[in-house]
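Input: a single structure, listed below in structure tokens.
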Amino acid sequence: MAKVAVLSFSDGRSSVHKDIEGFIRSVENQIVDKLLGQGHEVIKGREIIWTNSLATSEARFVSESHPDITIFNIAVWAFPHFSMLAAKATIGPLLLFSNIDPTYPGMVGMLAAGGGLDQIGRTHLRLWGDIANPGVFSKLDSYIKAGYAVSSLRGSTFGRIGGRPMGMYTAVGNTDQWMRVFGIDIEEIDQWEIVRRSDQI
């Protein structure tokens with residue numbers, strides 16, 4: 001199964017953060033319990049992020065374990081620049097998740113964070129809803145599986161036998177593009193290698 005990092009975000013005002021910290025932690029625990037129940041490995045941030053320094057240090061902490069995907073749990077209004085700082089220190093696919101509790105403006109916090117990430121060109125996914133809802137969790141799980149697929153491909157090598165067929169540009173992958181987008185190297189193998197090795201079998 002996938003390795004999933006979970007970071008939770010809060011309001012940057014200490015008095016407000018103290019009032020909502022318990023709620024944020026309860027939402028985080030629900031997410032973690034569902035992920036563990038599905039068989040995923042979960043790496044949680046040590047603290048809820050409510051300062052600039054925590055945004056960077058907690059993101060670095062979870063990134064050390066090389067997660068397949070990182071979930072930003074934004075259950076309340078959280079200062080969007082915390083998500084920006086954490087995203088810069090986070091590797092791999094990123095998902096912003098918000099619950100829909102009407103008491104707390106988590107959706108507004110998620111949209112503000114997502115808008116900021118759009119502005120700096122950081123690709124991410126967004127999902128919202130009640131984690132206990134099977135439809136919501138099914139979407140979350142499919143995003144996690146996609147993140148796992150992407151991360152498991154990185155560092156692998158694709159062997160291409162025979163090179164460009166009949167001069168067709170559209171039938172080959174660019175080595176620099178595959179490395180930049182997928183993290184996959186392309187190894188060119190001459191088709192005569194098939195003939196040469198067949199004699200050894």
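The values are calculated or read from the model by the stated rules, or taken from the named source; none is laboratory data. Quick caveat: nothing in here was measured; it's all calculated off a predicted structure. So basically every Cβ, Gly included, is an ideal-geometry build from the backbone, and we count neighbours across all protein chains shown. Just the protein is used for accessible areas: all its heavy atoms, side chains included, with ligands, DNA and RNA removed. Shrake-Rupley method; radii C 1.70, N 1.55, O 1.52, S 1.80 Å.
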Any hit, the stretch 96-103, residues being open to solvent by 40 Å² or more (accessible area, probe 1.4 Å), among the β-branched types (Val, Ile, Thr), under 22 Å from Val181 (Cβ atoms) and assigned to a loop (DSSP other than H, G, I, E, B): no
Glu58 being under 28 Å from Phe182 (Cα atoms) and surrounded by fewer than 17 Cβ atoms within 10 Å (Cβ to Cβ): no
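Every residue, every condition in (1) open to solvent by 60 Å² or more (accessible area, probe 1.4 Å); (2) aliphatic (A, V, I, L, M); (3) touching a residue at least 24 places away in the same chain (Cβ under 8 Å), yes or no:
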site	(1), (2), (3)
His17	no, no, yes
Phe23	no, no, yes
Val27	no, yes, yes
Gln38	yes, no, yes
Arg46	yes, no, no
Trp50	yes, no, yes
Ser65	no, no, yes
Within the stretch 12-46, tally of residues that are assigned to a helix (DSSP H, G or I) and either under 13 Å from Ile71 (Cβ atoms) or not hydroxyl-bearing (Ser, Thr, Tyr) (or both): 21
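For the stretch 172-200, which residues satisfy the criterion of being among the hydrophobic types (A, V, I, L, M, F, W, C), in a helix (DSSP H, G or I) and closer than 30 Å to Gly92 by Cβ?
Trp178, Met179, Val181, Phe182
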Unmet criterion (only one of (1) buried (at least 17 other Cβ atoms within 10 Å of the Cβ); (2) more than 17 Å from the chain's Cα centre (by Cα)) for Thr90: (2)
So Asp130, is it of a type in the set (Asp, Glu), modelled with pLDDT of 90 or more and part of a loop (DSSP other than H, G, I, E, B): yes
Scan of the stretch 143-170 for residues that are among the small types (Gly, Ala, Ser), loosely packed, with under 11 Cβ neighbours inside 10 Å and in a helix (DSSP H, G or I), ordered by number: Gly167
Residue check for Trp192: of a type in the set (A, V, I, L, M, F, W, C), open to solvent by less than 70 Å² (accessible area, probe 1.4 Å) and either farther than 30 Å from Gly39 by Cβ or touching a residue at least 12 places away in the same chain (Cβ under 8 Å) (or both): no
Residue in the stretch 72-81 that is in contact with a strand residue (DSSP E or B) (Cβ under 7 Å, 6 or more places away or on another chain), over 19 Å from Leu140 (Cα atoms), touching a residue at least 12 places away in the same chain (Cβ under 8 Å) and of a type in the set (Phe, Trp, Tyr) present: no
Set Val76, Val108: member being surrounded by fewer than 16 Cβ atoms within 10 Å (Cβ to Cβ) and either over 16 Å from the mean Cα position of the chain (by Cα) or outside any helix (DSSP H, G or I) (or both): Val108
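Is it the case that Ile120 is open to solvent by 50 Å² or more (accessible area, probe 1.4 Å) and either without any contact (Cβ under 8 Å) to a residue 60 or more places away in the chain or touching a helix residue (DSSP H, G or I) at 6+ places or on another chain (Cβ under 7 Å) (or both)?
yes
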